[in-house]
Amino acid sequence: MSSHRVNRREFLTLLAGSIAVPAKPFDTPLIVKLAPDGPFDSPLIVRLAQDGPFDSPLILSLSKDEPLAQDRPLPPVSWTCPMHPEVVDDRSGACPICRMPLTPVRLELVWSCQLHLDVTEPQPGACRTCGRKLVKIIKALSFTCPSHARVNEINPGKCPIDRRTLVAKYSLRPHGDHNPKHGGNFIMAPNNWHVEATHPAPAQFRLYVYDEYSRPFIPKGFASRIVMGEKSIPFKPAAGGMFLDARVPQIALPAAIVVGARFEDKQPEYRFDFQFYGYSKEPK
């Protein structure tokens, strides 16, 4: 069972609202079940599941904040696999994929820049590097020594080497950021990578590819196209940009396209449905 235990109700909107799957090859609906175990001061379970091909539901468990010194909330401990970080559970145990023991992790909802992912802020605002508006993402919180970077503890305290006070450290998590980066439609692919399609101008469509950490890249052997009945319009690499470009003449708003994408040579072509009710605008 793959699961997330999170410490604020904002996670419900962030995660449940951002998870998307293509209509093909999964043609069954995405089911979201809200099932409080009792009063709303107890954990709220959000189950995301499909009739297939997933054999277990994704569970998001929201619980109260745990107190930290000086009234700062400390996220609860979840458990993840060192080899398969997409596996997150709310209790210790073995990884369902490789059977390795799960290790503890604290997940926190923070504000970060989509272009400068090292930026981490507790409140909304603008990126100190580029001025872009910060968005909510999930990062892992741990504590490290200012002098000994190899020290990485799940709890605050003192460095075991020199007894200096540990400082907070934030790390990227797989699927912690499902925000569109270029004002388009952002979708998670079945292979755990992501695509974003934009429609910035008449007849023009762009396709961006991201890894499981939502970092932009174009995989070797990546091929994509717009499928329009029997017609196929290939996406081509854009000059000087980390995206692909395709043109569909005489298409009007609202526009709907089907994108076929093969991420690697041995993978099947996945299909994604995108709808645009206006032209895509780059976030500021």
Quiz item: Taking the condition open to solvent by less than 40 Å² (accessible area, probe 1.4 Å) and more than 19 Å from the chain's Cα centre (by Cα), does Thr144 pass?
Solution: yes
Quiz prompt | All positions within region 140-151 that are closer than 16 Å to Pro75 by Cα and either small (Gly, Ala, Ser) or part of a loop (DSSP other than H, G, I, E, B) (or both) | solution = Ala140, Ser142
Quiz item: If we scan region 89-104, do we find a residue that is within 14 Å of Gly176 (Cα to Cα), touching a strand residue (DSSP E or B) at 6+ places or on another chain (Cβ under 9 Å), modelled with pLDDT of 90 or more and open to solvent by less than 30 Å² (accessible area, probe 1.4 Å)?
Solution: no
Exercise. Being farther than 14 Å from Ala201 by Cβ and open to solvent by less than 90 Å² (accessible area, probe 1.4 Å) is the filter; apply it to region 269-283 and report the residue that is modelled with the lowest pLDDT.
Key: Pro283
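Matching residues to (1) open to solvent by 50 Å² or more (accessible area, probe 1.4 Å); (2) in contact with a Gly (Cβ under 7 Å, 6 or more places away or on another chain); (3) touching a residue at least 24 places away in the same chain (Cβ under 8 Å):
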site	(1), (2), (3)
Val151	no, no, no
Arg163	yes, no, no
His178	no, no, yes
Met188	no, no, yes
Arg206	yes, no, yes
Ile233	no, no, no
Ala246	no, no, yes
Self-check item: Matching residues in region 253-268 - criterion: being without any contact (Cβ under 8 Å) to a residue 12 or more places away in the chain and open to solvent by less than 70 Å² (accessible area, probe 1.4 Å)
Solution: none
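Suppose the filter is at pLDDT below 95, under 29 Å from Trp111 (Cβ atoms) and β-branched (Val, Ile, Thr); does Ile251 pass it?
Numbers: at pLDDT below 95: yes; under 29 Å from Trp111 (Cβ atoms): no; β-branched (Val, Ile, Thr): yes.
No: the conditions fail for Ile251.
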Practice problem: Please enumerate the residues belonging to region 212-221 that are open to solvent by less than 80 Å² (accessible area, probe 1.4 Å) and over 23 Å from Gly176 (Cβ atoms). | Solution: Gly221
Quiz item: Of Thr103, Thr144, Thr129, which residue is touching a His at 6+ places or on another chain (Cβ under 7 Å) and either on the phi > 0 side of the Ramachandran plot or free of Cβ contacts under 8 Å to residues at least 60 places away in the same chain (or both)?
Solution: Thr129
Exercise. Report, by residue number, each residue of region 86-125 that is of a type in the set (Val, Ile, Thr), assigned to a strand (DSSP E or B) and out of contact with any Pro (no Cβ under 8 Å at 6 or more places or on another chain).
Key: Val88, Val105
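The values are calculated or read from the model by the stated rules, or taken from the named source; none is laboratory data. Here the structure is a predicted model, which means the values were calculated and not measured. Virtual Cβ from ideal backbone geometry, glycine too; neighbours counted across all protein chains shown. Note: areas computed on protein heavy atoms with side chains; ligands, DNA, RNA excluded. Shrake-Rupley method; radii C 1.70, N 1.55, O 1.52, S 1.80 Å.
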